[in-house]
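The values are calculated or read from the model by the stated rules, or taken from the named source; none is laboratory data. Fair warning: this is a prediction, and the values are worked out from it, not measured in the lab. Using ideal geometry, Cβ is built from the backbone for each residue, glycine included, and neighbour counts are taken over all protein chains shown. What goes into the accessible areas is simple: the full protein's heavy atoms, side chains included, and nothing from ligands, DNA or RNA. Shrake-Rupley method; radii C 1.70, N 1.55, O 1.52, S 1.80 Å.
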Amino acid sequence: MGGNDTPLAVLSERPQSLFHYFKQLFAQVTNPPIDAYREQLVTSTLTWLGGAEGDILHPSKKKAIRIRLESPILSSDQLEKLEGQSIKGLHAKVIDSVYQHNMEDRLQEIFHEAKNAIQSGINLIVLSDKATDANHIAIPTLLVVSGLHQYLIREGLRTKASIIAQTGEAREVHHFAAMLGYGVDAIHPYLVYQTLNVAVQNQDLPMTFAEAQQNLSML
């Protein structure tokens, strides 16, 4: 297994994805290798959504309203149910992670909007760049999720809500791993799903769209 010997993004003269600045330059492996797909008994991609209020040593039904996910990669149906407030005790708010003129100012607006939402009882914050268009630029997903994660820690609110990234930027395993490492709880890679759907319709993939989504969640 080799390391990543591609040129450093910081030395490039061309625009780079923020994910490219977080590449590891050497091979770090376990022996034997960890394989979450073939070694499900000893590995887990389990994640939980919702607030974790109160004393975790003395849980109660009132404080344990959470969603258990076998994978942090959400399907479109799963995200739709979360946003539709169809699960009692869980309340979602979608915040557009796009800006028009000043990205730094927009980041501060997002942070304060999320804080106010959590204080009003929201426990699922969905950061979405789907509003990207000719007049709105997507904030790099890794930047906005990690920034919000750290902001909520400083405000003492991080355990009261989960952060979900709805993004068209995440395409590789490294992208998902980086976001999870920097504080996101679940990811909805809508552009990947749109690409898979087209491939299924064109019969480039010998499976249904539902099967393609399931396979993606097992990455």
Exercise. Does region 158-170 include one or more residues that are open to solvent by less than 40 Å² (accessible area, probe 1.4 Å), closer than 19 Å to LEU79 by Cα and either part of a helix (DSSP H, G or I) or of a type in the set (Lys, Arg) (or both)?
Worked result: no
For this session: Quickly run through region 113-142 and pick out the residues that are open to solvent by 60 Å² or more (accessible area, probe 1.4 Å) and under 24 Å from ARG171 (Cα atoms).
Result: LYS130, THR132, ASP133, ALA134, ASN135, ILE137
For this session: Report yes if ILE87 is free of Cβ contacts under 8 Å to residues at least 24 places away in the same chain, in a loop (DSSP other than H, G, I, E, B) and aliphatic (A, V, I, L, M), otherwise no.
Result: yes
Exercise. If you check GLU155 against the conditions, is it open to solvent by 70 Å² or more (accessible area, probe 1.4 Å), of a type in the set (Asp, Glu) and at pLDDT 90 or above?
Worked result: yes
Exercise. Among the residues of region 120-141, is there at least one that is within 22 Å of PHE19 (Cα to Cα) and in a helix (DSSP H, G or I)?
Worked result: yes
Exercise. Does any residue of region 184-194 turn out to be open to solvent by 70 Å² or more (accessible area, probe 1.4 Å) and either within 17 Å of VAL98 (Cβ to Cβ) or not in a helix (DSSP H, G or I) (or both)?
Worked result: yes
